[in-house]
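Read through the structure below, which is laid out as structure tokens, and then see the notes.
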Protein chains: 2
Amino acid sequence: MDLSILVPVGGIIALLFAAFLYFSVKKQSPGNQKMMELSNAIREGAMAFLKSEYKVLIIFVIVVSVLLFIASFFVQNIEWPTSIAFIVGALFSAVTGNIGMRVATMANARTAEGSKNSLSKGLSVAFSSGAVMGMSVVGLGVIGIICLFILFNNFFGFSIVTSTNILFGFGFGASSIALFARVGGGIYTKSADVGADLVGKVEAGIPEDDPRNPAVIADQVGDNVGDVAGMGADLFESYVDSIIATMAIAALVSLLISAENVGLLEEIFPWYDTLNLPNLEMINNYVLLPLYISVIGIISSIIGVLVVIYGKGKNVYSALRNSLFVAMILTAVLGGIITWYIINRLEPFYAMLAGLIAGIIIGLSTEYYTSEKRKPAQSIAEASKTGPATVIIQGLQVGMISTIIPIIAVVVAMMIAYLLSGFYGVALSAVGMLSILGVSLATDCYGPVADNAQGISEMAGMGKEVRERTEQLDAVGNTTAAMGKGFAIGSAAITALALIFTFILTAEGLGYKINLSLSDPYLVSGLFIGAMLPFIFVALATGAVGKAAYAMVEEVRYQFDKFDLLKNDKNKPDYERCVKISTNRALKEMILPTLIAVITPIIVGIVLKPTGLGGLLMGSISTGFLLAIFLANSGGAWDNAKKYIESGNLGGKGSSAHKAAVIGDTVGDPCKDTSGPSLNILIKLMSIVSLVFLPIIIAIIDIIY
Amino acid sequence: MDLSILVPVGGIIALLFAAFLYFSVKKQSPGNQKMMELSNAIREGAMAFLKSEYKVLIIFVIVVSVLLFIASFFVQNIEWPTSIAFIVGALFSAVTGNIGMRVATMANARTAEGSKNSLSKGLSVAFSSGAVMGMSVVGLGVIGIICLFILFNNFFGFSIVTSTNILFGFGFGASSIALFARVGGGIYTKSADVGADLVGKVEAGIPEDDPRNPAVIADQVGDNVGDVAGMGADLFESYVDSIIATMAIAALVSLLISAENVGLLEEIFPWYDTLNLPNLEMINNYVLLPLYISVIGIISSIIGVLVVIYGKGKNVYSALRNSLFVAMILTAVLGGIITWYIINRLEPFYAMLAGLIAGIIIGLSTEYYTSEKRKPAQSIAEASKTGPATVIIQGLQVGMISTIIPIIAVVVAMMIAYLLSGFYGVALSAVGMLSILGVSLATDCYGPVADNAQGISEMAGMGKEVRERTEQLDAVGNTTAAMGKGFAIGSAAITALALIFTFILTAEGLGYKINLSLSDPYLVSGLFIGAMLPFIFVALATGAVGKAAYAMVEEVRYQFDKFDLLKNDKNKPDYERCVKISTNRALKEMILPTLIAVITPIIVGIVLKPTGLGGLLMGSISTGFLLAIFLANSGGAWDNAKKYIESGNLGGKGSSAHKAAVIGDTVGDPCKDTSGPSLNILIKLMSIVSLVFLPIIIAIIDIIY
């Protein structure tokens, strides 16, 4: 029985469920006039950012796709549909971001209003809106991949190897959007936040989220831009990349058989000799298995989401956690069944399971190292007794130590996957980690909605009870956002790893002789440069936040003065101008990091040969992964150390310990919201650029040398 | 003509010159009673530290040498003399450290006294004492290597391959001392410094170097322990390791010829077919070439040192810089001549030159990124206007960006060396970088002496004019110390690289089949773990400083209270107890990092096979190098940003900008004086442990699997 119809059906189910959730959120009361105003302002700001982003993006997408299209006529192993796949990938990613932003900015006021009713009502609204994003990502992800694959393979008649190679264009398109959304969004969110705080809280002494602050809407918009659109695009990319990498590795087998490359076959499927190859139907099953598993993940995620929405639990955190565990267990059980059914063996399933579990472990480790209830963040709070310097030192230490568990988790998952199931297994472990993205992304995107709801309840003066509830929702949102960041980093690392292995295998499969020995100085040079790039990228991203924040500070000061906002209650600030400044600055400041990420692999590939390029990718993934965890966890721990003190410990708000902790938090903010997450994009983007451009690099080398 | 006698003669000349300088420093007036007292207290403290360190070290050395000795009877490719070489290496390194400490602690009061006379007199004394250390290191380095080599090769009749392999024991011995001196010393110096400042400056409000502060002597001792003994042992290790690695690679050729391994031969000497191999005399010349070049470096360094001592320049900084340039140019010219004379070709000379120039570039880049006269440190000072958080963020950024030049310098030097002169050239480039160590170490070790002289002139109340002169000496010392740190890191990286290549080549030469392909998940796992280790090492070292400093804070508080030091002038603090606390804590806290550095390569080698071990080494060198530069330069830039403000800019001392900059400096202190330099040791030690223990690892694997 051909089950392949299940894949698009699963995608459509995800989208239908997303639509159902969307309308169920929409029918909630948006609250009073004031709340609607605020919510509208945030939505308009968010949409303004997207619009500006799209303007730049369209140029980027057109230029790249035209280049790819032209190249396809001159360069072997680049086909014209790659440019089509690229455009579709960019489009799909942009659509998911747009949907996510729309529903998130619609849900914030409704969450606040729902919290009037009860805590679980507020939770249900906020979480549903997050799930819309989650379901759109996984739905459009599998639909995009399967439709393009069928189009190229069945309709245009390209071989499965070529078809999966073309699909990397889809991943590349998704990468491009992720770059803009994550890096640009990261710069946006922090410049607005820091700008609003520096003038509002520090200089003028007005509380956070005070509507007199002209940057307050930009700040709220930033939460959505960075944590909804950015996170969504980042994970959309990981999701589709991991699936495509697995498909490409499986497809490669058909090529290796005709080339009688037994060594490589064995590395991909250790049991290749039992497959009676060439057995095209069987190879096809292996190619499609990651999609089946993704569909299982979708179904499991839907059930996980329903657990939260219809659950009556009072504890917000455990409701969210339970949804993840339900989805995980279902995926594990059903994933085993479908794997057995499709390919009659379970090794790849174990590989997928290893990835799934590693993802959970990384999330939990992030929670441990950043939660205010745990020792690491509390040790930072303790250090605040001796001033800001010790807060910083302790935070750096916590961040560095926190790299152990994620690194070991990824290494162990990779080794289990490889030993049981070859390179196919390694790629599949990434698919496994991301399989329940439908629900895990929902818990991530829930965070900024709850944060916004809290802001609105503050600005609209909704009273103590509602504020307390939204505060509770927000607090859990902070934890899940931190876990989500850890998960996003881990999945980016394992996806990038899968891409690099695919890069190496593809290059070998296509017959390029690439020496990848560690004793080759070309490779070592690439490795060193690759290891350096994340440091440079972080420095540039942080510098960008500084510059953009400075522009915001000047604007807020100017408006305070011009409209006499602090004394004259009748004047209203010009929120829009602040939104515009953040938008323009973020997009301008991301140009340099973008160019580095896109151009370096190509230049290094040409100068240091593909050998050096292999080193570059491996170097950048190893330090990129480490720095991302280090920065995200340091930042998260500083944030929560401050919150720990604010909740009444060590002298509480206003104490000298608190002042020291605030400094730590300020340092940590760009680390956890801009630099850290941006690294996910860097490592994946460089890998996918290498995969897509390898034939061009080889062609250029042939001409030059 | 057999020139090999030149090598020991060169070493002896270095030692004689060191003795000459020693006595010329000794005959200077040590100043008045008070100054002698202070100087004696510092010397006694320093010697007390060394004594305690030796007690632990002796156990370590005995255990390891016995293990190596026993292993030599059971494991192929480990010879019994390795344990002898190990002991000699440890002994020689300890002796250089001891000499350096003695002369440095003798020269401090004499420098202050000499400054009474004139600035250039003070400079001459301080620099001479540094040169004693520099000359001892290079003299004992070449003497140790050539004597052991002749002993094993000519006397015991081991082949040149075996003899050079045994020499790695010498390097391992040097490594062990460096570990204790650099890591233990780094913890010592910062815990004493932070402890003294926190209670003295911050709590009690007394000035730095106030004799009422019980930790003041420990603080001065710390400068010597960290920057003299630590730096000396670190560079002694790099110096001998780079020479031994080059010798081992050349020796390997004799083995490859009999095995007819043309591929590898070509990688070592691209011109191997012109050598009429097997031509044992010619191979021997290649083996000894690094020693000849080192002797050239010694002669050039002596002339460079004389330029400073007998120069009459008024500008301290340019005098030091000129000495380096003189030595460099002489080494370049004479190095070319001797290379041509010995092996009749110049390619290896170019490789050596590439290393020499890369070392200078790295030093200058460090100067640029940390000097208060340059933009980066000033940008941090600027950021202090908006408080400590922006100081920290800007400093992190400066440190990250500052990795570009050193990485590119090492990559370019390596590629030039490799393309012109194969792996032999890569190793020789490390020898080139370190060739003028005699004089460059003198400029490094000059720093702490000038610092101490400044402290003594303060404590002994020597008047304004002398204080201004010693301040000037001290200021330049800070710059040269920063450059020295950069140079030490760069040379550690290139030495470790040479060791790793030697590791790979030796393993291949000895016939172990080690797969080192980047597409091997074993290797990638090792790479990830290796990349992580520096982060863990830094976190542990920083944590150790925190704990040790806390113990010091408690002691100082206790003594202030017990002796009523702040009010009662007649009571004297118990300096010795503070020295003891720093000593004991430093040695205790370094146990865990030590174990990690020594045991990880062995465990990873066994679990992930030598393939994973190769990845581990390459991963740790890439992040270790980056993190070391990042931490050292951030720390140096924070330090000088503070000094920039203190010299009257942006509001000067006591302004809010200054307060913010002080916080940056406090964060940076353990970064630049403990964690950063410790990484040099980590990357070299792991490489040398791998080289020495590889046969044992292979034997264990054979038993297990």
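The values are calculated or read from the model by the stated rules, or taken from the named source; none is laboratory data. As the structure is a prediction and not an experimental result, all values here were calculated from the model. Glycine gets a Cβ as well: all are built from the backbone with ideal geometry, and neighbour counts include every protein chain shown. For accessibility, only protein heavy atoms count, side chains too; no ligands or nucleic acids. Shrake-Rupley method; radii C 1.70, N 1.55, O 1.52, S 1.80 Å.
Leaving ligands and nucleic acids out of the surface, order A:Leu566, A:Leu533 by accessible area at 1.4 Å, largest first.
Working: A:Leu566 70, A:Leu533 10 Å².
My answer, sorted largest first, is A:Leu566, A:Leu533.
Semi-axes of the equivalent ellipsoid for segment A:49-203, computed as √(5λ) from the eigenvalues of its C-alpha gyration tensor and ordered from largest down, come to 38, 22, 9 Å.
Here A:Arg43 sits with roughly 70 square angstrom of accessible surface, probe radius 1.4 Å.
Please pull out the direction-averaged projected area of segment A:170-324, using the convex hull of its alpha-carbon atoms, in nm² to one decimal place.
On the way: hull surface 56.7 nm².
Mean projected area for segment A:170-324: 14.2 nm², to one decimal.
Kirkwood hydrodynamic radius of the protein assembly as shown from all distinct Cα pairs, in Å? Intermediate values should be presented prior to the final figure.
Details: mean 1/r = 0.0308 Å⁻¹.
About 32.5 Å, per the Kirkwood formula over Cα pairs.
Extending 7 Å from Cα along the Cβ direction at A:Asn344 and again at A:Leu306 yields two label points whose distance is 3.5 nm. Compared with the dominant Cα axis of chain B, that is its longest principal axis, helix B:81-117 is turned about 30°. Across segment A:486-595, Cα-Cα pairs more than 17 Å apart make up 73 percent of the total. Can you find, among A:Gly651, A:Cys671, A:Ser634, the residue sitting farthest towards the positive end of the charge dipole of segment A:624-680, where Lys and Arg contribute +1 and Asp and Glu -1 at Cβ? Projecting each Cα onto the dipole axis, the largest value belongs to A:Gly651. Annotation: A:Ile621 carries an accessible surface of approximately 0 Å², with a 1.4 Å probe and no ligand, DNA or RNA atoms counted. Copy-to-copy label distances for B:Tyr54, where each label lies 7 Å from Cα along Cα-to-Cβ, are 7.7 nm in order of increasing length.
Measuring with a 1.4 angstrom probe and ignoring ligands and nucleic acids, B:Phe630 comes out at about 10 Å² accessible. Ligands, DNA and RNA left out, the accessible area of chain B computed with a 1.4 Å probe is 61% carbon and sulfur.
Computed from the Cα positions only, the extents of segment B:241-362 along the three principal axes stand at 61, 26, 22 Å, in decreasing order. The orientation-averaged shadow of the Cα convex hull for segment A:251-292, equal to a quarter of the hull surface, comes to 2.7 nm². When the other protein chains are added to the chain by itself, burial of at least 40 square angstrom of heavy-atom accessible area (probe 1.4 Å, ligands and nucleic acids ignored) affects these residues of segment A:500-521: A:Leu516, A:Leu518, A:Ser519, A:Pro521.
From helices alone, chain B scores -28500 deg cm²/dmol at 222 nm; the rule is -39500 (n - 2.57) for each run of n ≥ 4 DSSP H residues, then divide by the residue total.
A convex hull fitted around the alpha carbon atoms of segment A:443-535 yields 124 Å³ per residue.
Kirkwood hydrodynamic radius, computed over distinct alpha-carbon pairs, for segment A:151-210: how many Å, to one decimal? Kindly include the intermediate steps, with their values, before the conclusion.
Working: mean 1/r = 0.0666 Å⁻¹.
It works out to 15.0 Å.
Axis of helix B:185-196 versus longest Cα principal axis of chain B: the two differ by about 10°, to the nearest ten degrees. Global dimensions of segment A:314-461 from alpha-carbon coordinates: Rg and Dmax equal 19.4, 62 Å.
Solvent-accessible area per residue in segment B:469-590 equals 34 Å², computed with a 1.4 angstrom probe and all protein chains kept.
Over segment A:1-118, the ratio between the Cα radius of gyration and 2.2 N^0.38 Å evaluates to 1.49.
Give me the compactness ratio for segment A:598-699, meaning the Cα radius of gyration over 2.2 N^0.38 Å. Write out the running numbers ahead of the final one.
Numbers: Rg = 20.0 Å, N = 102, 2.2 N^0.38 = 12.8 Å.
So the Cα radius of gyration is 1.57 times the expected 2.2 N^0.38 Å.
Charge dipole (Cα centre; +1 on Lys/Arg Cβ, -1 on Asp/Glu Cβ; no other charges) of segment A:18-78 amounts to roughly 220 debye. In this structure segment A:1-131 gives 44 Å² per residue of accessible area when probed at 1.4 Å with all protein chains present.
What FRET efficiency comes out for the pair A:Ser258/B:Arg374, r = Cβ-Cβ distance, R0 = 51 Å, nearest 0.05?
Working: r = 61 Å, r/R0 = 1.19.
Computed FRET efficiency for A:Ser258 and B:Arg374 comes out at 0.25.
The angle between the Cα long axis of helix B:676-704 and the main principal axis of chain B comes to about 30°, on a 0 to 90 degree scale.
Each listed q (0.26 Å⁻¹) maps to a log10 I(q)/I(0) for segment A:334-387 from the Debye sum over equal C-alpha point scatterers, namely -0.91.
Our estimate of slack between B:Ile596 and B:Ala48, defined as 0.36 nm per intervening residue step minus the Cα-Cα distance, is 194.6 nm.
To the nearest µm²/s, what D does Stokes-Einstein give for segment A:538-603 at 20 °C and 1.002 mPa s, using the Kirkwood radius over alpha carbon pairs as Rh?
On the way: Rh = 13.7 Å.
Estimated via Stokes-Einstein, D reaches 156 µm²/s.
For segment B:422-451 and segment B:590-644, what is the separation of their Cα centres, given in Å? About 20 Å separates the Cα centre of segment B:422-451 from the one of segment B:590-644. Note on segment B:66-131: along the principal axes its Cα atoms extend 64, 15, 9 Å, ordered by decreasing extent.
In the structure shown, do any of A:Lys588/A:Lys609; B:Lys116/B:Lys464; A:Lys27/A:Lys116 have a Cα-Cα gap over 20 Å, and if so which? With Cα atoms farther than 20 Å apart: A:Lys588/A:Lys609. When we measure straight from the Cα of A:Lys562, which aspartates and glutamates land under 13 angstrom away, once same-chain ones fewer than 8 places off are left out? Partners within reach: A:Glu554, A:Asp574. Can you tell me what percent of all Cα-Cα pairs in segment B:138-252 are more than 18 Å apart? Value for segment B:138-252 (Cα pairs over 18 Å): 60 percent. Under the convention that each Lys and Arg Cβ holds +1 and each Asp and Glu Cβ holds -1, the size of the dipole of chain B around its Cα centre is about 1340 debye.
Label point of A:Thr274 (7 Å along Cα→beta-carbon): distances to the other copies' equivalent points are 5.8 nm, sorted ascending. Legend: residue pairs A:Lys642/B:Lys201; B:Lys547/B:Lys580; B:Lys375/B:Lys642; A:Lys485/A:Lys659, Cα-Cα distance threshold 20 Å; pairs beyond threshold, A:Lys642/B:Lys201; A:Lys485/A:Lys659.
According to the Kirkwood relation over distinct C-alpha pairs, the hydrodynamic radius of segment A:391-512 is 17.3 Å. For segment A:1-70, how big is the tail of P(r) above 14 Å, as a whole percent of Cα pairs? Of the Cα pairs, 78 percent sit more than 14 Å apart. Dividing the convex hull volume of the alpha carbon atoms of chain A by its residue count gives 135 Å³ per residue. Placing a label point 7 Å from the Cα of B:Asn117 along the Cα-to-Cβ direction, the distances to the matching points in the other copies come to 9.1 nm, shortest first.
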